[in-house]
1. Glu52 fails exactly one of the following numbered conditions: (1) among the charged types (D, E, K, R); (2) free of Cβ contacts under 8 Å to residues at least 40 places away in the same chain; (3) farther than 21 Å from Val220 by Cα. What is the number of that condition?
2. Could you check Thr149 against (1) surrounded by 16 or more Cβ atoms within 10 Å (Cβ to Cβ); (2) β-branched (Val, Ile, Thr); (3) within 30 Å of Leu80 (Cα to Cα) and say which number it fails?
3. Within the stretch 90-126, can you find the residues that are in a helix (DSSP H, G or I), over 11 Å from the mean Cα position of the chain (by Cα) and over 22 Å from Ala196 (Cβ atoms)?
4. Restricting the stretch 10-31 to residues that are over 18 Å from Lys241 (Cα atoms) and not hydrophobic (A, V, I, L, M, F, W, C), which is surrounded by the fewest Cβ atoms within 10 Å (Cβ to Cβ)?
5. Please tell me if Leu89 is loosely packed, with under 13 Cβ neighbours inside 10 Å and at pLDDT 95 or above.
6. Would you mind telling me which numbered condition in (1) under 23 Å from Met97 (Cβ atoms); (2) surrounded by 13 or more Cβ atoms within 10 Å (Cβ to Cβ) Ala190 fails?
7. Which of the following residues is at pLDDT below 85 and either touching a Pro at 6+ places or on another chain (Cβ under 9 Å) or not charged (D, E, K, R) (or both): Gln81, Gln76?
Amino acid sequence: MFFPIGDDNSDRRTTPYINYLFIAINVLVFIFLQKMGTDWRFTYAYATVPAEILTGHDVVSHSKVLTDVVTGERIQIPGLQVTPINVYLTLFTSMFMHGGWAHLFGNMLFLLIFGDNIEDAMGHRRYFTFYLLCGVLAGLSHVLFTAYTAQSVFLPSLGASGAISGVMGGYILLFPARRVKLWIFFFIVAVPAVIAVGLWFVFQVLSGLGMLGGDDASGVAYAAHIGGFIAGLLLVKAFDKPRQVELIKKEKPRW
């Protein structure tokens with residue numbers, strides 16, 4: 001098991017205002033709108049539901065109460081709520097919501113580590129557009145994968161991981177040799193980004209293939225991760241700001 005904990009920012013030239021803004025929005029939405037995960041009505045109203053995206057119509061369902069046959073515990077399964085906005089806009093709203101503290105912390109850590117360098121390379125405005133576009137394409141990847149594999153199209157999805165996967169796709173292309181610090185069990189090692197991010201992507205692909213075989217029950221939208229990553233790879237060069245070459249003016253000799 002490995003986990004990124006930092007990277008080399010010694011050559012960063014700008015303050016990543018947009019990256020900080022995205023992190024702040026995610027945290028504030030989870031705390032104040034999702035009520036730290038307890039307001040399931042809000043969550044199930046603004047999450048992306050594949051069936052809604054495929055049909056263009058809002059889907060509302062009733063909550064169900066199931067009883068655990070072993071413990072006898074009654075578990076409430078929330079139903080889909082009325083979506084007050086156009087259902088296609090949930091592709092945006094869902095990327096700022098999370099399922100729990102661990103989900104939020106993991107995503108924000110990845111965004112903090114990898115997002116600042118991409119914003120520095122692109123500039124604030126281009127990074128803003130790049131991030132949202134990758135998030136939308138990641139959400140559409142999940143919707144299409146769900147429809148293709150005949151999985152439940154009524155299961156809502158949420159989280160910033162699709163957009164962050166796009167950031168990581170751009171990162172591995174722009175900064176393949178940059179050192180990324182990984183926490184591996186009880187050790188911290190620094191490896192090139194092509195290895196750190198590459199291993200992460202391989203894990204997403206293998207987990208996605210496991211879902212095809214019906215072996216995965218984690219609820220993780222691996223198709224969104226893969227789709228977002230590929231979107232980042234394909235789009236990063238179009239958004240990357242051309243480097244300005246600084247001309248060194250030699251001082252005229254004094255005669």
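1. Condition not satisfied by Glu52: (3).
2. (1)
3. Selection gives Thr90, Leu91, Phe92, Thr93, Trp101, His124, Arg125, Arg126.
4. Ser10
5. no
6. The one condition Ala190 does not meet is (1).
7. Exactly one of Gln81, Gln76 is at pLDDT below 85 and either touching a Pro at 6+ places or on another chain (Cβ under 9 Å) or not charged (D, E, K, R) (or both), namely Gln76.
Conditions tested, residue by residue: (1) in contact (Cβ under 8 Å) with a residue 24 or more places away in the chain; (2) closer than 23 Å to Ala177 by Cα; (3) touching a His at 6+ places or on another chain (Cβ under 6 Å).
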{"site": "Phe105", "(1), (2), (3)": "no, no, no"}
{"site": "Gly115", "(1), (2), (3)": "yes, yes, no"}
{"site": "Asp120", "(1), (2), (3)": "yes, yes, no"}
{"site": "Tyr127", "(1), (2), (3)": "yes, yes, no"}
{"site": "Phe130", "(1), (2), (3)": "yes, yes, no"}
{"site": "Leu133", "(1), (2), (3)": "yes, no, no"}
{"site": "Ser141", "(1), (2), (3)": "yes, no, no"}
{"site": "Ala147", "(1), (2), (3)": "yes, no, no"}
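The values are calculated or read from the model by the stated rules, or taken from the named source; none is laboratory data. Since the structure is predicted, the reported quantities are computational estimates derived from the model, not experimental observations. Cβ coordinates were reconstructed from backbone atoms using ideal geometry, including for glycine residues, and neighbour counts include every protein chain displayed.
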